[in-house]
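Student: Got a structure for you, written out below as structure tokens; questions coming shortly.
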Amino acid sequence: MEIPTPNLPKSLFIPQMYLKQPTADVPAYKPMIVPPSDLEPPEEVETEETTEEPVAPTLKIPVIDIEMPIPETAVVITAVTTAVVAVATTSVTQTLFEPIKKKVQKQLQDKVNKWKENQKKKKDSSKNSKTE
């Protein structure tokens with residue numbers, strides 16, 4: 001018995017690609033020198049005296065004898081600015097959108113009323129046709 005052999009075309013020539021092996025850049029840093037814990041200045045050097053931080057101002061409320069800390073000026077300015085911008089934005093947008101809201105509400109209500117009337121007419125007409 002003779003088995004037929006397939007007549008296949010020659011394979012395509014695909015050139016090989018040679019890739020270089022990847023390299024990594026290792027990070028480098030200057031070593032940090034940590035002084036020993038028992039380090040003291042030389043005898044000929046004068047040491048500076050550390051000053052304490054000033055105490056935050058407080059406001060004493062006489063009736064209930066409580067001292068309230070007064071916030072820094074920057075904090076107060078930021079809070080006031082934020083409040084003013086929020087109130088102004090709300091006021092402006094409310095005056096701009098209120099007429100639009102009323103018109104849209106009126107149109108929607110008209111459509112709902114018209115839909116209700118149509119539904120009522122359909123019910124009435126279906127009742128009349130059933131009774132006849």
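Student: For residues that are at pLDDT below 90 and among the polar types (S, T, N, Q), tally how many sit in the stretch 94-117.
Tutor: Adding up the residues that qualify gives 2.
Student: How many residues, within the stretch 31-60, are exposed (fewer than 10 other Cβ atoms within 10 Å of the Cβ) and not in a loop (DSSP other than H, G, I, E, B)?
Tutor: 2
Student: Here's something else I'd like to know. Have a look at A79, A86, A74, A28 and point out the one that is in contact with a Pro (Cβ under 9 Å, 6 or more places away or on another chain) and either loosely packed, with under 10 Cβ neighbours inside 10 Å or not in a strand (DSSP E or B) (or both).
Tutor: Step by step, each of A79, A86, A74, A28 is checked, and only A79 is in contact with a Pro (Cβ under 9 Å, 6 or more places away or on another chain) and either loosely packed, with under 10 Cβ neighbours inside 10 Å or not in a strand (DSSP E or B) (or both).
The values are calculated or read from the model by the stated rules, or taken from the named source; none is laboratory data. Here the structure is a predicted model, which means the values were calculated and not measured. Backbone-built Cβ (ideal geometry, glycine too); neighbour counts: all protein chains shown.
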